[in-house]
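Notes follow the structure.
The values are calculated or read from the model by the stated rules, or taken from the named source; none is laboratory data. Keep in mind it's a predicted model, so treat the numbers as computed, not measured. All Cβ positions, even for glycine, are placed from backbone atoms using ideal geometry, and neighbour counts span all protein chains on display.
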Amino acid sequence: MGQGAILYNMQKASYTKVGRFGKTHGLAGGIRLIVEDPYFEAVLEAEVLFAPVDGSPVPYFTEKRLLEEPLVIKLEDVDTKEAAKVLTGLDLLLPGEEVEKELSIDDFRLLEGFLMTESEQGDIGLILAVEEYPEQIMAMVRHKGREVLIPLNEAFLQSIDPEAERVEVRLPEGLLDL
């Protein structure tokens, strides 16, 4: 994976970046989808794809698949090359609950060096390392002069911002004191 999973929190819903909209295809509004491998099946099954426009997810309904390799689709109400071109380069999003991807240790290792923050406690510390333990992946974070292990799972992860190199989590009370 390129930058690892990017989670968007828009309008109290969670969206996962699964790829991006590529070049237009033909004159009738076809557009190529560049999809990260782990999400390919989820994109094929999705009836609605989303793109971030002005900070909000905009739904686009899939009309039909034009090609499978490369993946080219036709969206409802996108009937011209010009209309499809507006989407070119935008992130391709799916609602978090539709994405059934098991993230691997390699995906999370991309977070090493990111600052971990907590919604109520503020900055926790830098992620020094990401390690795999039985049944879960843990981030080793330096917090108040000591190293703390924090699970990297859906229950705790709120968002990942690769540009700012920040990971926001929501932790149960007392976890940092263990």
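The requirement of being touching a residue at least 40 places away in the same chain (Cβ under 8 Å), touching a Ser or Thr at 6+ places or on another chain (Cβ under 7 Å) and under 16 Å from LYS17 (Cα atoms) is fulfilled nowhere in segment 122-144; no residue meets it.
Answer with yes or no whether VAL78 is modelled with pLDDT of 90 or more, loosely packed, with under 15 Cβ neighbours inside 10 Å and of a type in the set (A, V, I, L, M, F, W, C). No, not satisfied.
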